[in-house]
Amino acid sequence: MKFLKGFFSTAHALLGFLFVLVSVLITVLAVQTGWSAVGADPDESAEMAIEAIGLLAIAVVSLQIAQTITEEEVVRDAHISAPTRVRRYLSRFMVVVVVALSIEGLVGTFKALHEEPELLPHAASVLIAAGVLLSGWGVFIRMNKAAEDLEPEAMAAAKSEDAKVDE
């Protein structure tokens, strides 16, 4: 069992590192795209700047996922079973997803307005999906609070794990 636990910690660390690498690569692409916008004609420049913003949003998502995986699975070595841990883990992930979808929806809206207005409903559907996810997340947190109240020791254990991350 110790071998499997070590294997999974190593695999999570490797995945976290790969997410960081992807984030750096996407950031470089965003900088190149933004730099090429300088000096281009205004319409093309705006489009490239919006594309750079979208790429940076994806890079941030990748970096946040790497941080979440590393902190939750490698540093804390937490087993997601108690309601408190589930809420904390999902909350970190949902923040990243909702923010990324919102930014991508805004980028898609700007692109659709300037290039192909017939794609505007697609961009709006991404924003609606982000809103539905945010609402569902809020319902989950509300319902999870009652489960957390039944297990105060799980909350204390989760808080004590924070010391590992703060070091």
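Full extension of the chain between L25 and A129 gives 34.7 nm of extra length, using 0.36 nm per residue less the Cα-Cα distance. Over all pairs of different C-alpha atoms, the stretch 14-101 has a mean inverse distance whose reciprocal, the Kirkwood radius, equals 14.4 Å. Ligands, DNA and RNA aside, E51 has an accessible area near 70 Å² when probed at 1.4 Å. Note on S62: accessible area is roughly 10 Å² with a 1.4 Å probe, heavy atoms of protein only. For the chain, the calculated P(r), taken from all Cα-Cα distances in 10 Å bins from zero up to the bin holding the longest distance, is 10, 27, 30, 20, 11, 3, 0 percent.
Along the charge dipole of the chain, pointing to its positive end and built from +1/-1 on Cβ of Lys, Arg, Asp and Glu, which listed residue (S91, P42, I26) has its Cα farthest out? Of the options given, the answer is S91.
Net length available on complete extension from S45 to V95 is 15.0 nm, with 0.36 nm assigned per residue and the Cα-Cα distance removed. Based on Cα atoms of the stretch 1-44, Rg over Rh with Rh as the Kirkwood radius reads 1.44.
The values are calculated or read from the model by the stated rules, or taken from the named source; none is laboratory data. Note that the structure is a prediction, hence the values are computed from the model and not measured. Note: ideal-geometry Cβ built from the backbone for every residue, glycine included; neighbour counts use all protein chains shown. Quick note on the areas: whole protein, heavy atoms, side chains included, nothing else; ligands and nucleic acids left out. Shrake-Rupley method; radii C 1.70, N 1.55, O 1.52, S 1.80 Å.
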